[in-house]
Amino acid sequence: MAFRFQRRITLAPGIRLNLSKRGVGVSVGPRGASVSVGPSGAHAHAGLPGTGLAYRTKLSRQGKGSSSRKADSEPGPLTRITESGHLDLDLAVDDEGHVTYQWKDGQPLSPVDQRWVRRQGEADIRERLQVLCERRNQDLQRLGELHHETPCPETRGYTPKSFPDSPPTPPERSPISGWHWLWPPAKQRIALENARLQTRFDDDYRQWEWRKAEFDAEEFARQQRETAGVFNDISTMEQTLRERLEEIEWPRETQIDFDLGSDEHTIAVDIDLPLEDEMPDREWTMPAKALKLTPKPLSDTRKRKLYRDYVHGVAFRVLGAVFARLPNVQEARVSGYSQVADTATGGMRDQYLYSIKVTREQWSRIHFDKLAQVDPVAAVEAFALRRDMTKTGIFRDVEPFVLV
C-alpha cells in the first residue's frame, strides 16, 4: 500500500491547519462536527468520539456545468494578453481572406488555443481585421489618388532633416562600497569593469558623432543644391530631380528616366509603367459574424478605370516634381509606356500610352489647393497631348514627343 502523510497544526481552539502530500487545508469545528476545506474541495465531518462511527460528505460538487465553467476560467493563453488587454499575437490573411494565428515569438497556435482565442478575444481580433481590411482597400484607393500629393510649382528649397539615431546611453557604473576598500581585489575588479564600460561608451559615442556629422553634412549640401545649385548647374538639377523622384512612394514599381535639354529650359521624361494586370483585382469587406475577410472581385470596367487613373496620376505627379524642383525648366515632355509582347518578333517592345507637352505657365493654372477635385485624366487634356484611348480605358500606341 502507498504511504500517506498528514499533519494537523492547531491554530486556535476549533481551527486546525492540515498538511498532507496533496496540499494545505483548514478544518473548523470541534471534534465530531467539523468542516474542512482543502485541495479536494469542502467536506463536512460528523462522528461520535471513541466509537469509531463517523460520516463524511462533500459539500462542493462539480458537475458537467461546473467543469465547463472551470475550463473557461483556466488561464490557457491568457498569459499572452498584454497589459492593454490585447492578445499578444499576429494575424495573417491569405488571398482568400482566411486568417492564421501565431504568437509574437513565431509559435503557431494549437487548435485548442485557436478556439480559445476566437472565443475570448473576438472583439480584439475583429478590430485588427478591420484595420487590415482598411489597409488593403487604402492601397486600392491610393492608386487613383496619387496626384493628391503633387507639390505646387512655387515650392522651393529643402528643409534639412534631423539625424534619426539617438546617442548611446551612458553606462551605469557599479559603485564601490566601503567594504571594497577592505578587499582590494574586489575594488580593482569593479574599477576595471567600470573602465571597460566607459571605454565602450566613448567608442560608441565617437562613432555616433561621426555618423551624425556625415548625415548633417549631406543634408546641408542638399539644402545648398536645392536652394542655389538648381539655377545654374545641370548636374545639380539632375541630382535634385532624381532624389525627389526616388523619395516618392509609388504604389507600384515605377522606373523613370529623364533628359535635360542643352539650354536647361526643357526636359523629357520617360516613365516605365506597370501593366494593367498588375493592378489589384479585388476589394475587401469584413463579414458581420465570421472572423475573416471577404474578397470581392473588381469588374473589368472598374479595373480599367483604376489603371487609367493611376497611369495619368503618375504623369501628373512627375510634372509636379519637375516644375517644383527645377525652377529653370519652362517646358516638360512626359511620356508613359509599358512593356508588351511584340506579335511580329515574339519579344517585348515599348508601347507608349500617352505623351504630354506642357509649359510652366500652363501648369501654374492648376489649383493645387484643390487637388482632390482634379481629375488627372481630364487635366492633361488641357495640354498638348498624344493619346489614343477608348472610353472604356483601352490604350493604343502613340508616338511620343521628343527633345529637338
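The values are calculated or read from the model by the stated rules, or taken from the named source; none is laboratory data. Just so it is clear, the structure is predicted and the values come from calculations on it, not from any experiment. Reconstructed Cβ throughout: ideal geometry from the backbone, glycine too, with neighbour counts over all protein chains shown. We work out accessible area using only protein heavy atoms, side chains counted, and drop any ligands, DNA or RNA first. Shrake-Rupley method; radii C 1.70, N 1.55, O 1.52, S 1.80 Å.
Details
- Qualifying positions in the stretch 107-141 - closer than 18 Å to Thr294 by Cβ, out of contact with any helix residue (DSSP H, G or I) (no Cβ under 9 Å at 6 or more places or on another chain) and either open to solvent by less than 50 Å² (accessible area, probe 1.4 Å) or not in a helix (DSSP H, G or I) (or both): Leu129, Leu132, Cys133, Asn137
- Restricting the stretch 333-385 to residues that are closer than 25 Å to Glu278 by Cα and part of a loop (DSSP other than H, G, I, E, B), the residue that is most open to solvent (accessible area, probe 1.4 Å) is Thr343.
- Residue in the stretch 258-272 that is open to solvent by 40 Å² or more (accessible area, probe 1.4 Å), outside any strand (DSSP E or B) and modelled with pLDDT of 90 or more present: yes
- Filtered residues of the stretch 277-286 (kept if outside any loop (DSSP other than H, G, I, E, B) and surrounded by fewer than 19 Cβ atoms within 10 Å (Cβ to Cβ)): Asp277, Glu278, Arg282, Glu283, Thr285
- Scan the stretch 233-255 for residues that are without any contact (Cβ under 8 Å) to a residue 60 or more places away in the chain and part of a loop (DSSP other than H, G, I, E, B) and the total you get is 3.
- Residue in the stretch 196-219 that is surrounded by fewer than 12 Cβ atoms within 10 Å (Cβ to Cβ) and among the hydroxyl-bearing types (Ser, Thr, Tyr) present: yes
- Verdict on Phe215 being closer than 30 Å to Thr169 by Cα, touching a residue at least 40 places away in the same chain (Cβ under 8 Å) and over 30 Å from the mean Cα position of the chain (by Cα): no
- Residues of the stretch 381-404 that turn out to be out of contact with any helix residue (DSSP H, G or I) (no Cβ under 8 Å at 6 or more places or on another chain) and of a type in the set (Ser, Thr, Tyr), as a count: 1
- The single condition among (1) in a loop (DSSP other than H, G, I, E, B); (2) open to solvent by 40 Å² or more (accessible area, probe 1.4 Å); (3) farther than 30 Å from Arg196 by Cβ that Pro170 does not satisfy is (3).
- Top-ranked residue of the stretch 328-360 - restricted to ones that are of a type in the set (A, V, I, L, M, F, W, C) and within 38 Å of the chain's Cα centre (by Cα), ranked as farthest from Met237 (Cα to Cα): Ala341
- Cβ-Cβ distances below 6 Å connect the following pairs, each with a first residue in the stretch 387-404 that is without any contact (Cβ under 8 Å) to a residue 12 or more places away in the chain, a second residue that is part of a loop (DSSP other than H, G, I, E, B) and β-branched (Val, Ile, Thr), and a separation of six or more residues or different chains: Asp388/Val398.
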